[in-house]
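First the structure, in the form of structure tokens, and then the observations on it.
The values are calculated or read from the model by the stated rules, or taken from the named source; none is laboratory data. Computed from a predicted model, the values in this text were never measured in an experiment. For neighbour counting, all protein chains shown are included, and Cβ atoms are generated from backbone atoms with ideal geometry for every residue, glycine included.
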Amino acid sequence: MGETAAQTARQTPHHRRSFYIGGQYVKDKEGNHSLQGQMYVEHLQPSQSSEIKPFPLLFIHGGTRTGIDWITKPDGEPGWASYFLSQGYELYLVDQPFRGRSPWSPGIGDVIVYPAEQIQKMFTASSNYKLWPQAESHTQWPGSGVMGHPVFDRFYASGVQMIKDQALQEGASQAACTALLDTIGRPVIVFGHSAGGPIPFLLGDVRPGLVKSIVSLEPLGPPFSKVSIRTVPGSPYGISNAPITYEPPVTDPVADLATRVVKAAAPELLDGRLQASDTPRKLVNLERIPVLVVTAPASYHAQYDWCTVEYLRQAGVDATHLKLEDVEILGNGHMMFVEKNSDQIAAEIQKWLEKQASNHRHTPTESNTT
């Protein structure tokens, strides 16, 4: 095979720039103004412009994380930014508002910081704790995944606070990323991970002509529930906490989105919830946007991402489920893109992207709004 993808990625010449976008001026009680909700963006572009693919990639990180997740893995190896640059993609990496290099604003509510023990249990050393049936097979984290190991320590050091109000966070990220899409001005492939998973759907909802496709890496879920580090009420809009467009319209999600329990097909899976109606409401602005949901075999998401996919399909979305074990990629957890075999996973996603590239459901001249 010659050079590995990682070695090739290291050699990809590219241009780099950074900027801030979005936000609004807010007046305080003294009558002074501060900018809130702005977002840091890093733009990476292959130097060989003749080889750049037509659709840029936008990467949106998960909870307590930042855009560093895509740049360098905690073991020091190049991340997905390097891999996809090597494939000819132009990239936009963001720190969601109130996170990392996107300033936090006093007065927006309580913040969350997860202890190292929780990160070990859920992300890096889940095979030690076996909190879900698939956890025992987690083998792809580099090192022991516990405090004191240098890879874990670097990973935990890169974590940041996040605001507790997820609807507020999603709304702020939607607004800032929408401003970014408008600035880019042509269709973009949007990646979202975990708590950042609703953002691509929210972007597709308000800018369907600017979202070419969505790669959803173990998105927040399952629908109307939340299984993760902390137990909180589930997403009232099914796939998001912030409002999203349905047809017929949803005024009160609790009243309008009646649900029913769907039994899981196997004992190692969790039951899920779909819309109860025989004529379910449709996510009309997402119907023409292909979605790839990627699930790792050792993650806690392996229990319930099946229901997220079924919910999307029920709502009229063209959703494909890539279960990594189905393509003989084994041992990965929720942070699959920083694990030892991350380039293998990226290569499988790349296959799907290439397939979608020939499907011109969206063109640069298509309307940018609904």
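Listing for the model above:
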quantity	calculated
Extreme residue, modelled with the lowest pLDDT, among residues of segment 215-251 that are of a type in the set (A, V, I, L, M, F, W, C) and within 12 Å of Thr308 (Cβ to Cβ)	Val227
Residue in segment 212-226 that is out of contact with any strand residue (DSSP E or B) (no Cβ under 9 Å at 6 or more places or on another chain) and more than 26 Å from Ala264 (Cβ to Cβ) present	no
Residue check for Phe201: within 19 Å of Glu42 (Cβ to Cβ) and either surrounded by 24 or more Cβ atoms within 10 Å (Cβ to Cβ) or among the hydroxyl-bearing types (Ser, Thr, Tyr) (or both)	no
Only one of Val227, Val211, Val206 that is in contact (Cβ under 8 Å) with a residue 12 or more places away in the chain and surrounded by fewer than 17 Cβ atoms within 10 Å (Cβ to Cβ)	Val227
First in segment 241-264 and touching a residue at least 60 places away in the same chain (Cβ under 8 Å), second anywhere and buried (at least 18 other Cβ atoms within 10 Å of the Cβ) and assigned to a loop (DSSP other than H, G, I, E, B), Cβ under 6 Å, 6 or more apart	Asn241/Ser235; Tyr246/Arg281
When residues of segment 71-102 are limited to those that are crowded, with 17+ Cβ neighbours inside 10 Å and either small (Gly, Ala, Ser) or modelled with pLDDT under 95 (or both), the one nearest to Gln161 (Cα to Cα)	Gly100
Among (1) touching a helix residue (DSSP H, G or I) at 6+ places or on another chain (Cβ under 6 Å); (2) under 26 Å from Gln356 (Cα atoms), the one test that Asp75 misses	(2)
Enumeration of residues in segment 97-131 that are over 30 Å from Gln24 (Cα atoms), assigned to a loop (DSSP other than H, G, I, E, B) and in contact (Cβ under 8 Å) with a residue 60 or more places away in the chain	Leu131
Residue count for segment 263-297, restricted to those that are among the β-branched types (Val, Ile, Thr) and farther than 30 Å from Ala135 by Cβ	3
Wholly enclosed strands (runs of 3 or more DSSP E) of segment 24-64 bearing at least 3 residues touching a helix residue (DSSP H, G or I) at 6+ places or on another chain (Cβ under 9 Å) and of a type outside the set (A, V, I, L, M, F, W, C)	39-46
